[in-house]
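Following: one structure in structure tokens, then a few remarks.
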Amino acid sequence: MGILNVTPDSFSDGNRYASVDAALERAARMVEEGAIIIDVGGESTRPGAATVDEDVEIARVVSVIEGIAAASNIAISIDTSKPRVMAAAVAAGACIVNDVYALRAPGARSWAAVTEVGVCLMHMQGEPRTMQQHPHYDDVAAEVCAFLARERNACLEAGIAREAIVLDPGLGFGKGLQHNLTLLKELSRFAGIGAPLLVGVSRKSFIGRILGRAVDERLYGGLGLAALAVAQGARIIRTHDVAPVADAIGMVSAVLQGIDS
Ligand code: 9MG
């Protein structure tokens, strides 16, 4: 899953993809590099980020989604928590909702059931503006597992198909350094909940804290973690760096699954 941020304040893309043409060029490159999903986001979820007005978010994402859909058959996900943005994005050509609030907004689950979109349910403690202030868990892996199992069941009860659901432990979302490391070490527990697992580590600050790297120097650390995640059962890696991640996880998958010969 290639990340396409169309926000002026995105933590690692800055203003580079603010124009539609630049965003479409970037999406086309990620498709060439091996992405099978492009995740389009019009509101930053980085720690401390402020919320964006719905109409502004819709204006940022819709023309980009329409452009990607016109140019290729790639699956497009919309990174949002707002039902009105979800609906506008799906009307424009998105087929997956990637929601850091796990579809907890009123009406989101029933809308997803009727629309038959794919959904990624992510764990987050708190909200982006304040989530890194005092994250606390007694047993982070057990609590995140219980949350994901509960939210998956709520989606099933709302009528969302089993095959439409992907789960994500939400690395960096209301988690301290050791919480992130523990979740990565125990990732195989999440793969056992009953839905494919998506993991996002790309350029995240906990890589910077361990390795002492600035945001644009975290590729190698992220590759190590992507390989570790796939080896523990992750099926989708969300990344800014599609080509190197595709190679890294291609090799891990070849070892784990073998090749057709
Ligand atoms: C939007 N966004 C930022 N980081 C993410 C992550 O780790 N997972 C998912 N699903 N979305 C994310």
Looking at (1) more than 13 Å from the ligand (Cβ to nearest atom); (2) within 25 Å of Gly118 (Cα to Cα); (3) not in a loop (DSSP other than H, G, I, E, B), which is the one condition that is false for Tyr220?
(2)
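So that you can scan it fast, the table gives a plain yes or no per residue for (1) under 18 Å from the mean Cα position of the chain (by Cα); (2) acidic (Asp, Glu); (3) farther than 18 Å from Pro128 by Cα; (4) more than 16 Å from the ligand (Cβ to nearest atom):
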| site | (1), (2), (3), (4) |
| --- | --- |
| Gly2 | yes, no, yes, no |
| Gly42 | yes, no, no, no |
| Pro47 | yes, no, no, no |
| Val56 | no, no, yes, yes |
| Val61 | yes, no, yes, no |
| Ser77 | yes, no, yes, no |
| Thr80 | yes, no, no, no |
| Leu103 | yes, no, no, no |
| Val114 | no, no, yes, yes |
Determine which member of the set Glu57, Glu116, Glu43 is of a type outside the set (A, V, I, L, M, F, W, C), over 26 Å from Gly194 (Cα atoms) and open to solvent by 30 Å² or more (accessible area, probe 1.4 Å).
Glu43
Yes or no: the range 127-134 includes at least one residue that is open to solvent by 60 Å² or more (accessible area, probe 1.4 Å), closer than 29 Å to Trp111 by Cα and outside any helix (DSSP H, G or I).
yes
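Is it the case that Val144 is crowded, with 24+ Cβ neighbours inside 10 Å, in contact with a Pro (Cβ under 6 Å, 6 or more places away or on another chain) and either modelled with pLDDT of 95 or more or not aliphatic (A, V, I, L, M) (or both)?
yes
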What are the pairs, 6+ residues apart or on separate chains, where a residue within the range 12-35 that is farther than 18 Å from Ser77 by Cα has its Cβ under 6 Å from a residue that is at pLDDT 95 or above and open to solvent by 30 Å² or more (accessible area, probe 1.4 Å)?
Ser12/Arg203; Ser12/Val215
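Of Ile160, Ile210, which residue is more than 24 Å from Glu32 (Cβ to Cβ), at pLDDT 95 or above, outside any helix (DSSP H, G or I) and of a type in the set (Val, Ile, Thr)?
Numbers: Ile210 fails: outside any helix (DSSP H, G or I).
The conditions single out Ile160.
The values are calculated or read from the model by the stated rules, or taken from the named source; none is laboratory data. Computed from a predicted model, the values in this text were never measured in an experiment. Positions of Cβ are generated from backbone atoms using ideal geometry, with glycine treated the same way; all protein chains shown enter the neighbour counts. The protein model used for the area step is the full one, side chains on, heavy atoms only, and it has no ligands, DNA or RNA in it. Shrake-Rupley method; radii C 1.70, N 1.55, O 1.52, S 1.80 Å.
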